[in-house]
Structure formats: C-alpha cells, structure tokens
Amino acid sequence: LALTFTNAAAKNLQQRLVSLIGSTGYAVKSTTFHSFCAEIIDEHAEYFPVAGVSRDPVSEVDKFAIMEEIFEENEFLHLKSARYPLLYLRDTLGSISDYKREGHTPLTIQKLAQEELTRLEEEKIAPSKRRTLQKQIEKNLDVAQVYAEYQRHLRDRNLFDFEDLIMWVRDAFTQHEDLLLEYQERFQYFLIDEFQDTNEAQLQVMRLLASYWGERANLFVVGDPNQSIYRFQG
C-alpha cells in the first residue's frame, strides 16, 4: 500500500513503479489517504454510519450556510457577540477542521477541556491568568458543541467533510477487529509519501493497519521538513 496526498502524485508513483519493475507495479495499491478510506467505506458500508460515500462532499458555501444556522439557533457564551452574532463563525469552522485532522471528536474535546479545567483549579497562578485560561477552555467547550451540531446537520443533509472519511475508517478499524484484520492481511508493506504533511488522523489509520506486526511492521516513510506545505495546520 503506497499512500500520498494528491491523485496526480498517486498516478505518478504507480507509473514510476511500472517503469522500474514492469506490470507487477500495477498490483501495488497506489492512492491517496482519502481515496483509500473512501474505497473501504464503499466496500464495507455495513460498518459505517452511512451507506458508502455515494453522497456528496459538503461545499464551502454549504459549510457556511450550516454554520450560520447553528449560530442562529443556539446560544454560545464565548462564540457569539450580541452585536456581531457570526463574528466567530469562520474561526470556529477552522477549529473544527483542525480537530478532525487531529482525530478529535466532540466527546474527546469535551473530555480534554474538563481535564484542563480540573488541572487549572489545582494550579497556583495569578487570578487574571487563571481567568484567561478558563475562558479559552470554556470556548473550546463551545466549539465542541458546535462541532456536534455541525455533524448532525451534515448527516441530515446527506453530506460529509473529506476529513470525515479518515475519522470513519479510524473508528471502524478500532471497533471492528474483523474489518481491520481483513486489511492487515491484504496489505503487509506500507509506504507513506510526503510524510511531513501527514496529520494525526491519517497516522492513526496507518498505526492501526501496521499494528498487527508491531515493531516488525514493514513501514517506510519519505518526507522533507523543508517542504511542509501544511505547517499552518500544526
């Protein structure tokens, strides 16, 4: 299994393989993380909360329309301004995308925030700093609530985010051992191209695939930190 980040790169990778080893190169699964996960969902719809990915990816216009609806229907202590009710809409949408790329769900965000609040109560720090940190943590709790509502709206509209594909497969591999074993048997050698741009959710999928062999896993990664075009995502 060879994973990279664009369809063009996946095609180029397979062409280079064929030029090196002949037609056997076509037997190597060369694809993107998202296409790989979409294929798993289509092949095994029974393991997923959706009937494959035949439905549509959400457009940028729809994202903002959904978020506007969420902000108008709900009260958020730290994400709404009386004068500018949609002031934090764009930032919140960006935060949700970041959380998805790092493999977080609304529940894990809430759990982390509660742990941070408990830790904050035990720390000896200046009251002003404590209030600033507490406000940020409470803001994250609001983001988790918006995130949960956003996912509900996507389901109701039969839409999905591209980041959801990775999360769904990660969750299915974690919850269904038979599904994971099927793909562990099918793929026994792994290559990740452009490794510097891999996010945590993608790595979680790869760790699960390679986990059967532990330290003896045949995993090879190629990356260059000087070409990290997604550094802005953390």
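The values are calculated or read from the model by the stated rules, or taken from the named source; none is laboratory data. Given the structure is predicted, the values throughout are model-derived calculations rather than measurements. In this analysis, Cβ positions are derived from the backbone assuming ideal geometry, glycine residues included, and neighbour counts consider all displayed protein chains. To get the accessible areas, we keep the full protein, side chains included, count just its heavy atoms, and leave off ligands, DNA and RNA. Shrake-Rupley method; radii C 1.70, N 1.55, O 1.52, S 1.80 Å.
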Note to self: Whether any residue in the range 178-196 is touching a Lys or Arg at 6+ places or on another chain (Cβ under 9 Å), open to solvent by less than 60 Å² (accessible area, probe 1.4 Å) and of a type in the set (D, E, K, R) is what I want to check.
What the structure shows: no
Taking first residues from the range 109-135 that are free of Cβ contacts under 8 Å to residues at least 12 places away in the same chain and of a type in the set (Lys, Arg) and second residues anywhere that are open to solvent by 70 Å² or more (accessible area, probe 1.4 Å) and outside any helix (DSSP H, G or I), the pairs with Cβ under 8 Å that are 6 or more apart or on different chains are ARG130/GLU123
When ALA201 is run through (1) farther than 16 Å from SER30 by Cα; (2) over 15 Å from the mean Cα position of the chain (by Cα), the failure sits at (2)
Note on the range 128-148: residues surrounded by fewer than 18 Cβ atoms within 10 Å (Cβ to Cβ) and within 17 Å of the chain's Cα centre (by Cα) are ALA148
**OP:** Using the structure shown, decide if LEU93 is within 27 Å of THR4 (Cα to Cα) and either open to solvent by 60 Å² or more (accessible area, probe 1.4 Å) or of a type in the set (A, V, I, L, M) (or both).
**Re:** yes
Screening HIS153, HIS78 for residues that are touching a residue at least 60 places away in the same chain (Cβ under 8 Å) and not in a helix (DSSP H, G or I) leaves only HIS78
All conditions in (1) aliphatic (A, V, I, L, M); (2) assigned to a helix (DSSP H, G or I); (3) in contact (Cβ under 8 Å) with a residue 24 or more places away in the chain are true of LEU191 except (2)
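The rows are residues; the columns are (1) within 16 Å of the chain's Cα centre (by Cα); (2) closer than 30 Å to GLN175 by Cβ; (3) not charged (D, E, K, R).
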{"residue": "THR24", "(1), (2), (3)": "no, no, yes"}
{"residue": "PHE48", "(1), (2), (3)": "yes, yes, yes"}
{"residue": "GLU75", "(1), (2), (3)": "no, no, no"}
{"residue": "LEU93", "(1), (2), (3)": "yes, yes, yes"}
Of the candidates ALA172, ALA210, ALA144, the one satisfying the condition of being in contact with a strand residue (DSSP E or B) (Cβ under 6 Å, 6 or more places away or on another chain) and assigned to a helix (DSSP H, G or I) is ALA210
Only one of ARG83, ARG119 is assigned to a helix (DSSP H, G or I), more than 30 Å from PHE36 (Cα to Cα) and not polar (S, T, N, Q), namely ARG119
For the structure I just gave you, tell me whether PHE220 is at pLDDT 95 or above and open to solvent by 30 Å² or more (accessible area, probe 1.4 Å). yes
Condition test on LEU87, is it out of contact with any Phe, Trp or Tyr (no Cβ under 9 Å at 6 or more places or on another chain), under 25 Å from ARG131 (Cβ atoms) and loosely packed, with under 15 Cβ neighbours inside 10 Å? yes
Fill in: Qualifying residue in the range 213-226 (condition: of a type in the set (A, V, I, L, M) and part of a loop (DSSP other than H, G, I, E, B))
yes
- Query: Is the range 160-169 home to any residue that is in contact (Cβ under 8 Å) with a residue 60 or more places away in the chain, surrounded by fewer than 19 Cβ atoms within 10 Å (Cβ to Cβ) and not small (Gly, Ala, Ser)?
  - Reply: yes
Exactly one of PHE5, PHE48 is touching a residue at least 24 places away in the same chain (Cβ under 8 Å) and touching a strand residue (DSSP E or B) at 6+ places or on another chain (Cβ under 7 Å), and that one is PHE5
When restricted to ILE66, ILE70, ILE109, ILE40, the only residue part of a helix (DSSP H, G or I), within 20 Å of LYS135 (Cβ to Cβ) and open to solvent by less than 60 Å² (accessible area, probe 1.4 Å) is ILE109
